[in-house]
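The values are calculated or read from the model by the stated rules, or taken from the named source; none is laboratory data. A quick note: this is a predicted structure, and the numbers were derived from the prediction, not measured. Here the Cβ positions follow ideal geometry from the backbone for every residue, glycine too, while neighbour counts run over all protein chains shown.
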């Protein structure tokens with residue numbers, strides 16, 4: 001069964017460093033998402049991506065965040081200068097272009113900023 | 001006002017009972033409604049989705065949608081200990097993003 005894959009599963013980084021979280025969405029999907037979940041809190045929307053550009057982003061997705069689809073299969077989230085409060089589980093999701101379809105989530109990358 | 005509201009629980013039911021999970025949403029323009037299950041430390045996995053008023057059944061799960069009341073629920077019949085998890089209600093409006101509630105923690109007691 002097709003699935004969204006994310007790497008790495010766990011990333012530890014020092015405050016101020018740049019990190020890149022990687023995702024491979026399901027191959028025929030057209031919409032891509034990044035969500036984050038701080039431990040014990042709700043799943044929060046960061047950004048959605050369609051047709052090679054950002055379609056929506058939340059207030060959380062400020063200038064330190066960027067997304068890219070560099071090669072037609074990978075979908076990356078870059079955090080330029082990590083802060084302690086960026087420590088969270090980051091989920092990538094994708095869905096088809098059809099109406100009323102669900103988003104499929106990857107297994108997540110746990111980011112720990114120290 | 002929160003986009004999606006859920007009672008955080010915890011909700012405890014005995015094995016074999018019906019678990020009822022509720023969710024309200026604020027935007028009347030919301031189009032699609034999803035229930036995800038999340039085990040601790042894992043990613044959300046889809047249980048069911050619904051976009052028309054009424055009931056939708058899939059095995060032991062029934063989703064109910066009432067757009068007039070802006071209310072969506074999930075019933076789990078014959079609850080099993082393996083159903084113990086956090087259940088996330090998600091709503092998609094006219095745009096692309098999914099709004100998640102805080103989740104309801106369910107414990108099924110053997």
Task: Residue list for the stretch B:90-107, restricted to those being surrounded by fewer than 21 Cβ atoms within 10 Å (Cβ to Cβ) and under 19 Å from residue B:20 (Cβ atoms) - done: B:102, B:105, B:107
Task: Matching entry among A:79, A:60 (being over 23 Å from residue B:47 (Cβ atoms), more than 10 Å from the chain's Cα centre (by Cα) and free of Cβ contacts under 8 Å to residues at least 40 places away in the same chain) - done: A:60
Task: Qualifying positions in the stretch B:33-64 - within 11 Å of chain A (Cβ to nearest Cβ), part of a strand (DSSP E or B) and surrounded by fewer than 18 Cβ atoms within 10 Å (Cβ to Cβ) - done: B:45, B:46
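Among A:82, A:112, which is away from chain B (no Cβ under 12 Å), in a loop (DSSP other than H, G, I, E, B) and modelled with pLDDT of 95 or more?
None of the other options fit; the residue is A:82.
Rundown of residues vs (1) away from chain B (no Cβ under 14 Å); (2) assigned to a strand (DSSP E or B); (3) touching a strand residue (DSSP E or B) at 6+ places or on another chain (Cβ under 7 Å); (4) more than 29 Å from residue B:87 (Cα to Cα), yes/no style:
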{"residue": "A:6", "(1), (2), (3), (4)": "no, yes, yes, no"}
{"residue": "A:11", "(1), (2), (3), (4)": "yes, yes, yes, no"}
{"residue": "A:16", "(1), (2), (3), (4)": "yes, no, no, yes"}
{"residue": "A:33", "(1), (2), (3), (4)": "no, yes, yes, no"}
{"residue": "A:66", "(1), (2), (3), (4)": "yes, yes, yes, yes"}
{"residue": "A:92", "(1), (2), (3), (4)": "no, yes, yes, no"}
- [ ] Test residue B:96 against the stated conditions and say whether it is touching a strand residue (DSSP E or B) at 6+ places or on another chain (Cβ under 6 Å), farther than 22 Å from residue A:42 by Cβ and within 14 Å of chain A (Cβ to nearest Cβ).
- [x] no
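Can you confirm whether residue A:99 is more than 18 Å from residue A:42 (Cβ to Cβ), facing chain B (nearest Cβ under 10 Å) and exposed (fewer than 12 other Cβ atoms within 10 Å of the Cβ)?
Judged against the criteria, residue A:99 is a match.
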Open item on the list: Looking at the stretch B:7-32 only, could you name the residues that are within 10 Å of chain A (Cβ to nearest Cβ) and not in a strand (DSSP E or B)?
Closed with: B:8, B:31
Open item on the list: Given the condition away from chain A (no Cβ under 14 Å), in a strand (DSSP E or B) and crowded, with 21+ Cβ neighbours inside 10 Å, answer yes or no: does some residue in the stretch B:75-82 qualify?
Closed with: yes
Open item on the list: For the list (1) within 24 Å of residue A:105 (Cβ to Cβ); (2) in contact (Cβ under 8 Å) with a residue 60 or more places away in the chain, I need the number of the one condition that residue B:17 fails.
Closed with: (1)
